[in-house]
1. Of the residues A217, A240, which single one is in a loop (DSSP other than H, G, I, E, B), of a type outside the set (D, E, K, R) and in contact with a helix residue (DSSP H, G or I) (Cβ under 7 Å, 6 or more places away or on another chain)?
2. Just checking, how many residues over the stretch 134-172 are touching a Ser or Thr at 6+ places or on another chain (Cβ under 7 Å) and within 24 Å of E45 (Cβ to Cβ)?
3. When only residues in the stretch 144-184 that are part of a strand (DSSP E or B) and not β-branched (V, I, T) count, which is surrounded by the fewest Cβ atoms within 10 Å (Cβ to Cβ)?
4. Tell me, yes or no, whether the stretch 125-143 has at least one residue that is in contact with a Cys (Cβ under 7 Å, 6 or more places away or on another chain), in the same structural domain as A165 (by TED's automatic domain parsing), surrounded by 14 or more Cβ atoms within 10 Å (Cβ to Cβ) and in contact (Cβ under 8 Å) with a residue 12 or more places away in the chain.
5. Restricting the search to the stretch 56-91, which residues are among the charged types (D, E, K, R) and within 17 Å of L112 (Cα to Cα)?
6. Looking at A66, A61, A110, A104 in this structure, which one is surrounded by fewer than 18 Cβ atoms within 10 Å (Cβ to Cβ) and of a type in the set (A, V, I, L, M, F, W, C)?
7. Please go through the stretch 162-221 and give me each residue that is hydroxyl-bearing (S, T, Y) and out of contact with any Phe, Trp or Tyr (no Cβ under 7 Å at 6 or more places or on another chain), ordered by number.
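The values are calculated or read from the model by the stated rules, or taken from the named source; none is laboratory data. Predicted, not measured: the structure shown is a model, and the values here were computed from it. Note that we place each Cβ from the backbone using ideal geometry, even for glycine, and neighbour counts take in every protein chain shown.
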Amino acid sequence: MERPDSPADPPAAIKRLGQNFLIDPNIVRKIVALADIAPNDHVLEIGPGRGVLTEVLCKTAGRVTAVEIDPRLHDYLAERRAEFPNLTLVLEDALVYPVESLPAGTIVVANLPYYISTPLLFRLLDQRDRFPRLVLMLQNEVADRLVAKPGSSDYGVLSVMAQYAAEITKAFRVSAQCFRPRPEVGSAVVLLKTRERRELTSEEEPKFAALVKAAFAHRRKTLVNSLRDEGYDQSGIIGALERLTLSPSVRAEVLSLEQFIRFTRFILSPAESRDVRLA
């Protein structure tokens, strides 16, 4: 018989919200250890779910802000508030939650809903000056794209833009047996250490992002043709490739991050561009 002061049974998963609850305490410990959390640190957790990870985060960090979109799960955790005196619960969609309001130095630890993982990751990296590191559970396919190297089929917009913003390590894979219900896809945990040094100015970065997106818009086409079809000047593209000693027949997926940065500068300022080396 349930004790009168015990919380209600945890809510069931909702498929349309991509809910797969982590149940393996060993994986929880590995995630928290990877995050390297100090007693005074502030942690942002996205999608706390039933609170398995939240509980350990609250015991490790000074303060935890947990953003949950599901009112049932929010209420379930709210009933356990006495267990988590340093927890701030927020009922909100993480895609619209004002992450820019969080203090600098906040560490992100999250089991991201897979259906919003890419746009949410871009949103967090846009505020990377605020987050020194992020430890994220992702679909294994997305994790592979994050760490992909030039020339591979996984290498694309996500690879270039994420690697521009952070040093990324695919730490370990997670079996479907570690979740309830079991997901139909593989999972992996990645560590992103955001780069303190920005290689491009705040004015150049949006143009860099637009160029990278346009470069991969037509993967079967050459870089020249793909960018031309997206409105870029063909002669400027060819001139920039010549300065990089690359063939006009090259495709976007062979350019390294450093080459994309230099290529962007050559496109933006054909007459005067300085070389860049990543730290």
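1. Exactly one of A217, A240 is in a loop (DSSP other than H, G, I, E, B), of a type outside the set (D, E, K, R) and in contact with a helix residue (DSSP H, G or I) (Cβ under 7 Å, 6 or more places away or on another chain), namely A217.
2. 10
3. Looking at the filtered set, the residue picked out is R173.
4. So far as the stretch 125-143 goes, no, none of its residues is in contact with a Cys (Cβ under 7 Å, 6 or more places away or on another chain), in the same structural domain as A165 (by TED's automatic domain parsing), surrounded by 14 or more Cβ atoms within 10 Å (Cβ to Cβ) and in contact (Cβ under 8 Å) with a residue 12 or more places away in the chain.
5. If the condition is that a residue be among the charged types (D, E, K, R) and within 17 Å of L112 (Cα to Cα), then E68, D70 are the ones that fit.
6. Values: A66 fails: surrounded by fewer than 18 Cβ atoms within 10 Å (Cβ to Cβ); A61 fails: surrounded by fewer than 18 Cβ atoms within 10 Å (Cβ to Cβ); A110 fails: surrounded by fewer than 18 Cβ atoms within 10 Å (Cβ to Cβ).
Within the list A66, A61, A110, A104, the selection yields A104.
7. Result: Y164, T169, S175, S187, T201, S202.
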